[in-house]
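Notes to accompany the following structure.
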């Protein structure tokens, strides 16, 4: 634990000068945190994680092993990034063409979960509490509470804030079986009503 900074970093982690890391954050084996990034409080960054310059992670973000988060990505609070999932940041990369400065922004909103080995093509936002299934390839915007799976990813339902698939009745109301929270579906939009 770095007492002066208030976060823990394993001795094999590389933390460049000029990054901001919040209190209570834990950074594990062989991870690289690059200058200019901002990591919130109480985050957990697994083994072999790379955080590129200017990336922003909110509070209580969980990044599982083998995830690289490239410049242009912003994750709000309580985002979950599954093992070996991938973000891109250039839509048309070529080894022989320098496209630095042409990075597209990807915003992952509050409480969203991205499953293991999923790929998020840059420039597409992920809605709050959205759930991206393992191995999905996201090529367009994902609405709040949406469940998307497959390649290319397609929406197959809606998820509660506790991560359960919602079943809507004839009135467009669903109840999360774990929390008891109620949700309403109107015009292809879901919101929590209690």
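The values are calculated or read from the model by the stated rules, or taken from the named source; none is laboratory data. Keep in mind the model is a prediction, meaning the values are calculated, not measured. Don't worry about glycine lacking a Cβ; one is built from the backbone with ideal geometry, like all the others, and counts go over all protein chains shown.
For the structure I just gave you, tell me whether residue 132 is within 17 Å of residue 57 (Cα to Cα) and out of contact with any helix residue (DSSP H, G or I) (no Cβ under 6 Å at 6 or more places or on another chain).
For residue 132, the condition - within 17 Å of residue 57 (Cα to Cα) and out of contact with any helix residue (DSSP H, G or I) (no Cβ under 6 Å at 6 or more places or on another chain) - is not met.
Yes or no: residue 123 modelled with pLDDT under 95 and either surrounded by fewer than 14 Cβ atoms within 10 Å (Cβ to Cβ) or closer than 15 Å to residue 55 by Cα (or both)?
It is false that residue 123 is modelled with pLDDT under 95 and either surrounded by fewer than 14 Cβ atoms within 10 Å (Cβ to Cβ) or closer than 15 Å to residue 55 by Cα (or both).
Could you check how many residues of the range 6-25 are surrounded by fewer than 16 Cβ atoms within 10 Å (Cβ to Cβ) and either out of contact with any strand residue (DSSP E or B) (no Cβ under 8 Å at 6 or more places or on another chain) or closer than 17 Å to residue 52 by Cα (or both)?
8
I need the full set of residues from the range 65-83 which are surrounded by 19 or more Cβ atoms within 10 Å (Cβ to Cβ), on the phi < 0 side of the Ramachandran plot and assigned to a loop (DSSP other than H, G, I, E, B), in order please.
67, 70, 71, 76, 79, 82
Restricting to the range 158-191, count the residues that are surrounded by fewer than 16 Cβ atoms within 10 Å (Cβ to Cβ) and closer than 15 Å to residue 112 by Cβ.
2
Give the residues of the range 84-114 that are part of a loop (DSSP other than H, G, I, E, B) and within 9 Å of the chain's Cα centre (by Cα), sorted by residue number.
109, 110, 111, 112
Residues of the range 32-55 being closer than 12 Å to residue 22 by Cβ, surrounded by fewer than 18 Cβ atoms within 10 Å (Cβ to Cβ) and in contact with a strand residue (DSSP E or B) (Cβ under 8 Å, 6 or more places away or on another chain), which ones?
The answer is 38, 44.
All but one of (1) modelled with pLDDT of 95 or more; (2) more than 13 Å from the chain's Cα centre (by Cα); (3) assigned to a loop (DSSP other than H, G, I, E, B) hold for residue 59; which doesn't?
Here residue 59 meets the rest and fails (2).
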